[in-house]
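Everything on this sheet refers to the single structure shown next.
Values in this text are rule-based calculations from the coordinates and carry no lab data. For clarity, every value in this text was computed on a predicted model and none was experimentally measured. Every residue, glycine among them, receives a Cβ derived from its backbone with ideal geometry; neighbour counts consider all protein chains shown.
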Amino acid sequence: MTSCARVVDCLDAYHDGELAGLMRRRVERHLEHCSSCRREIAAASALGELLRESADAVMSPDLWSQIEPRLAPVDAASGVAPARSAPAVSWDRLRGLVRPLPWLVRPVAAAAAVALIVLVYWTGVGPEEAAGEGVVRWLDSYGNPVMLLEQPDATIIWLVDPVLDDVSMGGGFRRGVI
Amino acid sequence: MVSSSRVPAVAVLALAGLLSAAPSAAQEGRQIRVHLIVVHASQTPGPIDPDAKQLHEQLQRDFRYRSLRVMQHNRLRMPMREERRVELPTGRALRVRPIALDPQGILMSLEMQDRLDTRVMLRPRKPVVIGGERYQDGKLFIAIESDD
């Protein structure tokens with residue numbers, strides 16, 4: 001039986017259907033006898049399914065009502081929410097989680113990139129081209145959320161009120177509350 | 001001393017330099033004219049200010065309000081790269097500065113203290129509207145439109 005060390009680097013390609021011929025048969029034969037590698041293939045399939053589901057998911061209209069109670073309370077005097085301490089996760093620990101499943105790196109990196117794009121758009125922070133047609137060339141909103149509404153006859157920069165405005169990341173801007 | 005064989009090359013370079021600097025110099029001397037209005041939108045029932053009729057048509061698709069009142073009219077004239085400051089009713093100031101002329105319009109820098117710092121392309125007949133600044137029982141909209 002082929003050892004795990006010889007096929008582990010090919011599991012990613014096998015899972016993505018990129019292996020052919022002799023190499024594919026070698027991995028298939030190995031998987032028939034190796035439960036450990038079968039579990040890793042199953043885990044990769046499950047993750048792929050999860051990512052596809054989350055990409056297709058429709059944001060609930062009451063998303064904001066679910067998020068709002070989890071936000072830190074704002075100090076009435078200062079108007080500032082208390083800072084939250086970051087969870088203590090070391091890079092070594094993360095690397096240890098990733099190493100046994102090398103083919104996870106690509107989908108996780110893709111998911112992280114999508115999350116970053118959403119975050120930049122949501123916070124309005126970042127020296128980026130931010131709106132369609134290149135109308136907005138640069139935008140910084142000091143950490144406050146901003147929505148850019150590109151209308152045929154106007155460009156609207158809406159300084160979002162996180163408490164009052166009806167905004168969801170999935171559905172975009174719905175209604176500014178005056 | 002410049003040798004005679006190099007004279008044409010130097011002349012070409014100098015001419016190219018002058019030609020490339022010319023549009024920039026022309027931009028520097030250009031006066032930019034911008035019309036800026038500040039309106040107050042509110043849920044308190046009231047009229048739509050006739051002076052804000054056009055803005056109302058642009059806003060009513062995305063915002064619900066029951067009254068719209070023009071609070072300020074500003075016609076700004078400013079040379080390229082020179083800043084104008086508009087005091088808003090909230091006490092904040094909006095700083096407006098034309099940065100560059102482009103075939104598509106005027107690249108403008110817009111800054112509102114602790115709230116917004118952006119560069120937008122102001123296109124002919126297409127205003128840029130900044131909204132959301134809370135004031136009294138409603139919100140302010142600041143519409144900036146090229147007057148050229």
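How many Cβ atoms of partner chains, on average, are near each residue of B:115-124 if near means within 10 Å of its Cβ?
The shielding value for this peptide is 6.
Using a Förster radius of 22 Å, what is the FRET efficiency between B:Gln136 and B:Glu57 based on their Cβ-Cβ separation? Nearest 0.05, please.
It comes out at approximately 0.40.
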